Amino acid sequence: MRHVSSHTATAKAQAPTDGQYTHKQVLTILSGLLLGMFLAALDQTIVGTSIRTIADDLHGLSIQAWVTTAYLITSTITTPIYGKLGDMYGRKKLFLFAITVFITGSAACSFATSMYMLAGFRAFQGIGAGGLMTLVLAIIGDIVSPRERAKYTGYFMATFATSSVLGPVIGGFFAQSSSILGISGWRWVFLVNVPIGIAALFVVNHTLHLHHVRREARIDWWGAVWLVVGLVPLLMVAEQGQSWGWGSATAVACYVIGIIGLVAFVWAEQRMGDDALIPLRIFKIRAAAVTIGASVIVGLAMFGGIIVLPQYMQIVHNASPMSSGFMMLPMVGGLMIAAIVSGLITSKTGIIRIFPIMGTLIAAIALVLLFTITADTSLVIVMTYMFILGIGLGNCMQPLTLIIQNAVPPREIGVATSAATFFRQTGGTLGVAVFLSILFSTVGGKMAGAFADAAKSPEFVRQALSSHVLLQSGGTVVPNTKMLAGVQNDSAIIGQLPTIVAHPFKVGFAQSMDLVFITAAALMFIGFLIMLLMPKVTLREKSAMAEAADASAAEASAAGTGSPATEERELAMAGARVGRHAAAAESSDEDGEVWRDTPSVMDAITHTSAGISAGHLRDEVPPESRRSNEGEPADYRPRHGG
């Protein structure tokens, strides 16, 4: 029996042949996946906090947006590519590749000597980042059924929450440090990814064991090319449109090229059929179509609305980047609570459709409440509204992913997951661009109006003149337009002014942010209306791998039914298996173990012969009459009666 024990120990380190993973196995796999997800989430928050310091050190403040744009373009475009390749060739090697590229790009970024060089390295890093999020969600879809998957939501939300809090703190620490171990402080923003990434590589390589049957298909090269042609100019104008001018010749050229590229992409996808990067037929599945449409709208409203909250904290309430990160905790806490509670309810009851519907409505209400805040609103009230927003978003994010994974065949989970992620990221990018454009195109006028109201106070005029915010011109007092324009580029000026003089600046920013919040609320309400079109959703009870294993077994059995050679092979295998049972029974006295319910050779042959004569499939042969050469578990049960 030592051989049997050894075999069992080996099997535990491998993917189960029936596709069913235990809770302990899932948690082991999750440890590696969450490290990869943490890597991507932490990077975004750290870089966002320290980008101004990096730009100052590399003398490229005016072109810092290119660092963000380069990363965004490559990570967004590669998302559906990772999804498709994962379905075709398996996800583990692809996930390891994504982590490796991300680590290499991070290390390269730390050696950048100019903003353009940093942008190039960030673009390379983005190629790896595109696979981290989407492959994690797809792998979970492989190993856990949609219904059970919901209860693991808390682990993902905890990862996001940790990165959301740690990111600004770590980023602020590195940005404020002139040198650590002889290396400029901001360079550690990228170097910190290296040890985390190496740990993720090690854990994933040793814990992630997936059984994948390679599916041969044409590679959609033209789809990938046209996707690049369509998205690159549109993402560029989304990020740079504020500085270029939305109606400038450069922007118009980007619109035209982008539209041509997207039309060609749809044409290429139609020609590729099932082998397409994003098969168009998934849009014919109502649940998938509604989810993708809602993902775009929710991405627009969510990312666009959230992007101004840290700025509100820093500009209006004089918070540092580190402090503003902590001030986002109420929203993160609400998101976690809602995600965990909805996940547990879904796991217990199978109910899921109501959560994204309810979530979009709550988020829309929260954004309307944020619309009412002013420069003088208490932080307690603001954080309460943020908590409500988190509750709404927590009911949207994970349920939408579960619904689209459940709506498509198991073999296309990667495509479906990447499609939802891709459209949400695209919507988020457009949302950030549109809402920042709204903010900065209106803030000047709002400030001017606030100054006109404040100028009625003699004390304000006296202190504003001494601070050079107001100027004396021909016996009249006029705003210092140069300083007003400078504040929009460097809000740190506000913190250096007397409180009474700084107040109109804060009022102007708060009023412009109000316009952002009400626009986001309107979009989120549209998302709510789209969610109402969601059909009834019945979550599958088996994971994608379990269903794939069942389908493969059924196909193999169907292909072998009725063949004389197969019948002879079944009889021979049955006899051999019973012989092994008999030998094991004879040795049971020596090993001190007893094989129970072992049939006689004649019983086994009789049952097997009867099953084959009746035209039964191999799976219908009574389990006590056979023991699979493929290592079927001892508690295997037939899928059909008999």
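Could I have the simple spin-label model distance between residue 349 and residue 100, label points 7 Å from Cα toward Cβ, reported in nm to one decimal?
Rounded to a tenth, the inter-label distance reads 4.7 nm.
Please give, to one decimal in nm, the separation of the simple spin-label points placed at residue 250 and residue 207, each 7 Å out from Cα toward the Cβ.
About 4.6 nm, to one decimal.
Fully extended, how many nm does the chain gain between residue 337 and residue 274 (0.36 nm per residue separation, minus their Cα-Cα distance)?
So the chain would gain 18.8 nm between residue 337 and residue 274.
To the nearest 10 Å², what's residue 226's accessible area with a 1.4 Å probe?
Taking all protein chains as shown, residue 226 has close to 70 Å².
Distance from the Cα centre of segment 110-138 to that of segment 329-362, in angstrom?
Each part reduced to its Cα centre gives a spacing of 31 Å.
Per residue, how much accessible surface does segment 221-276 expose to a 1.4 Å probe? Answer in Å², no decimals.
52
Of all the Cα-Cα pairs you can form in segment 221-276, what percent are over 18 Å apart?
37
Can you tell me how much longer the chain between residue 456 and residue 441 gets when fully stretched, taken as 0.36 nm per residue apart minus their C-alpha distance, in nm with one decimal?
Extra length from residue 456 to residue 441 when fully extended: 2.8 nm.
Would you calculate the separation in nanometres between label points at residue 326 and residue 538, each defined as 7 Å from the Cα along the Cα-to-beta-carbon direction?
The modelled label-to-label distance comes out at 5.2 nm.
List every residue whose amide H lies under 5 Å from the amide H of residue 540, counting only residues 5 or more places away in sequence or on a different chain, with H placed 1.01 Å from N in the peptide plane.
When sequence neighbours closer than 5 places are left aside, the close amide H contacts are 147.
For segment 209-316, just say rounded, prolate or oblate: build the C-alpha gyration tensor, square-root its eigenvalues into a ≥ b ≥ c, call rounded for a/c under 1.5, and beyond that prolate if a/b exceeds b/c, oblate if not.
oblate
Probe radius 1.4 Å, ligands and nucleic acids left out: which of 383, 331 has the largest accessible area, and how do the rest follow?
Putting 383, 331 in descending order of accessible area: 383, 331.
³J(HN,Hα) across segment 168-177 via Karplus (A = 6.51, B = -1.76, C = 1.60, θ = phi - 60°), whole Hz, x for Gly/Pro?
Along segment 168-177, the couplings run x, 5, 5, x, x, 5, 5, 5, 7, 8 Hz.
Residue by residue through segment 502-511, what is 3J(HN,Hα) from phi via Karplus (6.51 cos²θ - 1.76 cosθ + 1.60, θ = phi - 60°)? Round to whole Hz and write x for glycine and proline.
Working through the residues one at a time gives 6, 4, x, 4, 5, 4, x, 5, 4, 5 Hz.
Among 270-277, 244-251, what's the highest-first ranking by average C-beta atoms within 10 angstrom per residue?
Ranking, from highest mean packing down: 270-277, 244-251.
Got a sec to turn the phi values of segment 361-366 into Karplus ³J(HN,Hα) couplings, 6.51 cos²θ - 1.76 cosθ + 1.60 with θ = phi - 60°, whole Hz, x for Gly and Pro?
5, 4, 5, 5, 5, 4
Return the FRET efficiency for the residue pair residue 381, residue 178: r is the Cβ-Cβ distance, R0 is 35 Å, and the value is rounded to the nearest 0.05.
0.35
Set the Förster distance to 51 Å, then compute FRET efficiency between residue 262 and residue 107 from the Cβ-Cβ distance, nearest 0.05.
Plugging the Cβ-Cβ distance into 1/(1 + (r/R0)^6) gives 0.90.
Work out the FRET efficiency for residue 199 and residue 25 from their Cβ-Cβ distance, taking R0 = 22 Å, and round it to the nearest 0.05.
0.65
The values are calculated or read from the model by the stated rules, or taken from the named source; none is laboratory data. No experiment lies behind these values; they were computed from the predicted model shown. For neighbour counting, all protein chains shown are included, and Cβ atoms are generated from backbone atoms with ideal geometry for every residue, glycine included. Remember, those area values only see protein heavy atoms, side chains included, never the ligands or the DNA or RNA. Shrake-Rupley method; radii C 1.70, N 1.55, O 1.52, S 1.80 Å.
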